[in-house]
Amino acid sequence: MSTIESALLDMGGLDILAAQNTPIHRRDPRAKVLTALAFIVTVVSFSKYDLSGLLPLFLYPVVLVALGNLPPRYLLGKLLLASPFALIIGVFNPLLDRTILLRIGPVGLSGGWISFVSILLRFLLTVSAALILISTTGFNAVCLALTRLKVPHVLTVQLMLLYRYIFVLAEEASRMVRAWSLRAVKSRRMSPKVFSSLVGQLLLRAVDRAQRIHMAMLSRGFDGEIRLIRPLRFGMADALFVLAWTAFFVLARACNLPQLLGQAVLGITR
Amino acid sequence: MTHHIVEVQDLNYTYPGGVHALQGVSFRIVHGESVGVVGANGAGKSTLLRHLNGYLMPVQGSVRIGDCLVAKPTLRDVRRAVGMVFQDPDDQLFMPTVYEDVAFGPLNLGLPAAEVEARVMQALDTVGAAHLRDRPPHRLSGGEKRAVAIATVLSMAPDLLVLDEPTSNLDPKARRQFIELLRTFRHTKIIATHDLDMILDLCERTIVLHGGRVTADGPTLQIFNDPELLMRSHLEKPLRMQACPVCGKPT
Amino acid sequence: MHMADALISPAVGGAMWAATGALTAYSAKKLKAELDERKVPLMGVLGAFIFSAQMINFSIPGTGSSGHIGGGMILAILLGPYAAFLTIASVVAVQALFFADGGLLALGCNIFNMGFFPCFIAYPLIYKKIVGDRPTQGRILLGSTLSAVLGLQMGAFSVVLETVFSRVSELPFATFVLLMQPIHLAIGFVEGLITSAVVGFVWKARPEILELAADAKPIGNLSVKKVLVGLGMATALTAGLLSWFASTHPDGLEWSMFKTSGKEELKAPERGVHAAAESLQQTTAILPDYDFKKPAKPSEPETPAEPENKTDGAAPVVSAGASVAGLVGAAITLVLVGLLGVALRMRRASN
Ligand SMILES: Nc1ncnc2c1ncn2[C@@H]1O[C@H](COP(=O)(O)OP(=O)(O)OP(=O)(O)O)[C@@H](O)[C@H]1O
Ligand SMILES: [Mg+2]
C-alpha cells in the first residue's frame, strides 16, 4: 500500500539525512533539542499581528539547512504535506477580523489577513524546526538527549522500541493490505469490516512479536530496566551553539530587527 | 562440577490451550558437543528450547544446566550460561543500533563500561560485523542481522549456544557463511532446524522429536541413514545424501 | 485533530506541556509499581502497530470518503491506562517529529487531547464500568463505542478550548464548538465501531490478551480524582505563571489588551506596565529620532511585500514612517537571510 510504504520511505529519508557528518550534526543532541525548543517558544510568543518581527527568525532554519547540508526542496515538500489543521483554522481569520490595520496606498489590509499570514509564517518556522531537528540529529539521538534531560526512562525506551518496530510492523501491514487488494476485485477501498479483521490480525501478530521480543530480552538478562550507554559529550562548541542562538532569539524577540534595519537604511538615504 | 552441561529429564509441557507439546523428553549433552534437534512442524522443538533458558518452566520433569537446576532462583545464572538465538532476528535485535544491541546483555550483567565495550567489540569482530556497529538493525540484510544476533549472545560469554532455526530466510551464500561461522565456535551447541544439511555439516549427534517425544538420539549419520525412522518422523534424508537427481548416482 | 504550534500561545502550550509532563511522570511511576516487565516490549510493539494501522485507510460507509483510526481506545483496552498513555505519547511524538503533525510546542496539547481522555476518563469511567471483568461481545460493542465517542468528544472540545484560549485564531468559541463537535461525533462513532470490532476479534481469538490489561490494578475513583486534582493544579499554575510572564512582557500585554479592547488603540493604557514597555523600546531603539517609536497600540503590522508597492498612504493605525521602514526592513531581512543561506551552502559545497 502506497501510503504505508511512502511513510516508511519518508522516515528512512530523514534517518539517512541524520547520518551525515556536518558541524550541525556533530553538535550534542541535547544542544539541538534545547535550541529547537527555545526557537519554537520564541516564534509563538510573537504577537499575532507581528509579521516583520518573525522574519529574522528564518535565519535559524536557513543556517541549519545550509550548514547541515539538508536538501531544502525535500524539506519544503514535507512542510507542504504537513497537517493542514493550522491553515484550515487560520483561514477563518480574514473572514472574522476585518478591521483595517494597515493601508498601503489604496489597499487596506485587515487584521485577519495579517494574522493569517502570521499563522502561515509560524507554521513554516515551527514545523521546519521540528523536521530540521530530526534530520540533523536522528530520532534515537533525540531520545537519548531526552533521557539525559530527565524525561522518564520508560517513555524514551518506548519511543525507541516504537521507532525500531515501526519498520517491521508497517511492512507486515503493507503485505497484508497488498494481499487483500490482490483478492479484492470489486472494490478498491476497504470496508470497515474487512479493515477491522485485518487490523485485528495485525494486532495478534504484534502481540506475538512482543512476546518473542520479551523472550529475547529475558534471555539476555533483562530485568525490567533497559540500560543505555552512549557517551554524550556536551562541549564548548555545544554550549556556544545554544547560547548564540538563544541570544539571537532573545534579540529578535526584544526588538523588531527589520524595523530597525529599515529605519537605518531610510535614515541614511534620507 | 558434572561433566554434563545439559541434562533434561522426563520433561513434560502442556500449553494453556491443552496441547501436550512435550511428553517425557530426556537427554544429556556433554561439554563441547554439537547437537541437532530435528522434527516436523509442531514436533515440540521450540517448546523444548524455551525450557533450556527457563522461559518456560517445567510442569513435570527437570532441566539442569551445568550445576543449576532451572527454577526461579537460578534463572539469572541459567540465562547467563545459555545463549539463545531466535528464529527471527528482528525479535532479537530490539535496540536502536547494533552496538547497543550487543551491549544490552553485558550491561544487564552489571559489567563496568570498559569491559562492556571490550566484549561488544570482541563479539562483533568474531562474527565479522564490527563495521556495522552504528547501523540501525532495520537497515541490515538478513545475513547481517543473523550475524549480529549471534554477537548479541556471544557478548554474554555463554557456555552453551542454543539456536532455533538459524538458517531460515537466508540465501544460499549467507547460509553457507553462517554455517562456517558457527563451525568456528567451540561452544556446546544445540540447533533446532529443518535444515538437515546444516546438521550434517555441524552436528555429530542428532535428536529426533516427534509428537513431543524423542524418537531417536544418536550419531547424525546413523539417523539420516535410517529411512524408516525418518519417514515415521515426517523427515527426509538431507539432499546431499540423496541420489543425484540428474544421473541417479549417489552423491 | 492535531493541534498546531502555529495556533497556540506559549501560555497554552506550556500549560499543556506541564499537564502532559505530570501525567507522564505519574504513569511512569504507576507502571513501575505494576512491575510487569512484559509490558515494556508490548507497549513499543503496540505503538508501532497503531502507527501502522493508522496508515491503512478504510471507506466510511455512506459518505464516499475514507478515514483512518486513532486507536487510543484500543491501546487503553489492551494495555491499561498508564501503559496506554505512555504509548500514545510516543506515537504522537513520532508523528510530530517525522510527519510534522502538530509541532513540538503543541505536542503537549496533542498528547493530552489524544491520550488523557481515552486512558484516564473513557477507559476507567466508561469502558471498565460497562465491560467489567466478564466481557461479552455485546458489552465490548457498547463499551468501546461509547468510550471512543466520548473520548473523542472530550478531545475535540479540548482542542477548541486550547485554540480559543490561545487567541491566535479568530474563531469564536461557539462557532468553533459547533464546527468541531459534530464532526468528531461522526468520527468517534466510526472509531468506536472499529474499536469494538478489533477488540472483539482479539477477545474471540485470544481472550488472554485482554486479561493482560485487566491485570493492571484498576484505577479506583480515588485515584482518578487525585489525577484530576493534580492535573488541574499543575495546569492552572503553569498557565498562571506563563500568562503573568506574558503580561509583564510588553508585547504579550499589548496583545491581550488588544483582544479585549476590540482592536482599537487603547485610550488610557495602564500606567506602570506601559511606561515600562515604552522605556524598553526607547532603550532598544538605535535611531530614536526617526519615526520609530511605537505608538501605544498593538505591535505594528507589516507585510513583507516589495517596498515599491507602497507609497505615502497613511494608515490609520500605523504611522507611515513606521510602516515604510518596516517594509523596507522586512525585504532587506529576507534578502539577507536568503543570501546567507546560499553563501553557506556554496561554501560547504566547495569544501
Ligand atoms: N504459545 C503457544 N500456545 C499454545 N500452543 C502452542 C504454543 N506454541 C506452540 N504450541 C503448540 O505446541 C506444539 C509444539 O510447538 P513447537 O512450536 O514447539 O513446535 P516446533 O517443533 O518448534 O515446530 P516448527 O518446526 O513449526 O517451529 C504445537 O502443536 C503447537 O501448536
Ligand atoms: Mg519452532
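Those residues that are part of a loop (DSSP other than H, G, I, E, B), at pLDDT 90 or above and not small (Gly, Ala, Ser), I need them from the stretch A:33-84; list them, please.
In the first step, residues of the stretch A:33-84 are kept if they are part of a loop (DSSP other than H, G, I, E, B); the result is A:45-51, A:68-71, A:82-84.
Applying the additional criterion that residues be at pLDDT 90 or above yields A:68-71.
Passing the criteria: A:Asn69, A:Leu70, A:Pro71.
Would you mind finding the one in B:Leu49, B:Leu22, B:Leu56 that is within 16 Å of B:Ile207 (Cα to Cα), within 14 Å of chain A (Cβ to nearest Cβ), touching a residue at least 24 places away in the same chain (Cβ under 8 Å) and within 16 Å of ligand 2 (Cβ to nearest atom)?
Details: B:Leu22 fails: within 14 Å of chain A (Cβ to nearest Cβ); B:Leu56 fails: within 16 Å of B:Ile207 (Cα to Cα).
The match here is B:Leu49.
Which of (1) more than 11 Å from ligand 1 (Cβ to nearest atom); (2) open to solvent by 10 Å² or more (accessible area, probe 1.4 Å) is the odd one out, the single condition B:Leu52 does not satisfy?
(2)
Assess whether B:Gly44 counts as being within 8 Å of ligand 1 (Cβ to nearest atom), farther than 14 Å from B:Leu69 by Cα, at pLDDT below 95 and within 15 Å of the chain's Cα centre (by Cα). Steps first, answer last, please.
On the way: within 8 Å of ligand 1 (Cβ to nearest atom): yes; farther than 14 Å from B:Leu69 by Cα: yes; at pLDDT below 95: yes; within 15 Å of the chain's Cα centre (by Cα): yes.
Yes; evaluated as a whole, the condition is true for this residue.
Looking at the stretch A:100-114, is at least one residue of a type in the set (Val, Ile, Thr), closer than 29 Å to C:Leu23 by Cβ and within 8 Å of another protein chain (Cβ to nearest Cβ)? So that I can check it myself, show each step before the final result.
Step one: filter the stretch A:100-114 for residues of a type in the set (Val, Ile, Thr), giving A:100, A:104, A:107, A:114.
Narrowing the set further to residues that are closer than 29 Å to C:Leu23 by Cβ leaves none.
No.
Which of the residues belonging to the stretch A:108-124 are surrounded by 24 or more Cβ atoms within 10 Å (Cβ to Cβ) and within 14 Å of A:Leu76 (Cβ to Cβ)?
Scanning the stretch A:108-124 gives a single hit, A:Phe123.
Condition first: of a type in the set (Val, Ile, Thr), within 16 Å of ligand 1 (Cβ to nearest atom) and open to solvent by less than 30 Å² (accessible area, probe 1.4 Å). Now tell me which residues in the stretch B:1-41 satisfy that.
B:Val8, B:Val25, B:Val35, B:Val37, B:Val38
Counting only residues that are polar (S, T, N, Q) and out of contact with any Pro (no Cβ under 9 Å at 6 or more places or on another chain), give me the helices (runs of 4 or more DSSP H) lying completely in the stretch C:64-163 with at least 3 of them. Outline the logic, then answer.
Working: elements: C:72-79, C:81-98, C:107-111, C:128-131.
It comes to C:81-98.
Testing C:Leu171 on (1) in contact with a Leu (Cβ under 9 Å, 6 or more places away or on another chain); (2) surrounded by fewer than 20 Cβ atoms within 10 Å (Cβ to Cβ), one condition comes back false. Which one is that?
Against the list (1) in contact with a Leu (Cβ under 9 Å, 6 or more places away or on another chain); (2) surrounded by fewer than 20 Cβ atoms within 10 Å (Cβ to Cβ), C:Leu171 comes up short only on (2).
It is to be established whether one or more residues within the stretch B:136-156 are without any contact (Cβ under 8 Å) to a residue 12 or more places away in the chain and surrounded by 23 or more Cβ atoms within 10 Å (Cβ to Cβ).
For the stretch B:136-156, residues without any contact (Cβ under 8 Å) to a residue 12 or more places away in the chain and surrounded by 23 or more Cβ atoms within 10 Å (Cβ to Cβ): absent.
Listed residues C:Ala19, C:Ala53, C:Ala15, C:Ala6; which is closer than 30 Å to A:Ser115 by Cα, facing another protein chain (nearest Cβ under 7 Å) and open to solvent by less than 10 Å² (accessible area, probe 1.4 Å)?
Numbers: C:Ala19 fails: facing another protein chain (nearest Cβ under 7 Å); C:Ala53 fails: closer than 30 Å to A:Ser115 by Cα; C:Ala15 fails: facing another protein chain (nearest Cβ under 7 Å).
The match here is C:Ala6.
Might you let me know whether the stretch B:70-92 holds any residue that is more than 14 Å from every other protein chain (Cβ to nearest Cβ) and either in contact with a strand residue (DSSP E or B) (Cβ under 8 Å, 6 or more places away or on another chain) or within 13 Å of ligand 2 (Cβ to nearest atom) (or both)? So that I can check it myself, show each step before the final result.
Kept after step one, since they are more than 14 Å from every other protein chain (Cβ to nearest Cβ), are these residues of the stretch B:70-92: B:71, B:73.
After this cut, where a residue has to be either in contact with a strand residue (DSSP E or B) (Cβ under 8 Å, 6 or more places away or on another chain) or within 13 Å of ligand 2 (Cβ to nearest atom) (or both) as well, the list is none.
No.
Could you please find all residues in the stretch B:135-168 being within 16 Å of ligand 2 (Cβ to nearest atom), of a type in the set (Asp, Glu) and away from chain A (no Cβ under 12 Å)?
Correct list: B:Glu165 only.
The values are calculated or read from the model by the stated rules, or taken from the named source; none is laboratory data. Nothing here was measured: the structure is a model prediction, and the numbers come from that model. Neighbour counts are summed over all protein chains in view; Cβ atoms, including those assigned to glycine, are modelled from backbone coordinates with ideal geometry. These accessible areas exclude ligands, DNA and RNA; they are computed on the full protein's heavy atoms, side chains included. Shrake-Rupley method; radii C 1.70, N 1.55, O 1.52, S 1.80 Å.
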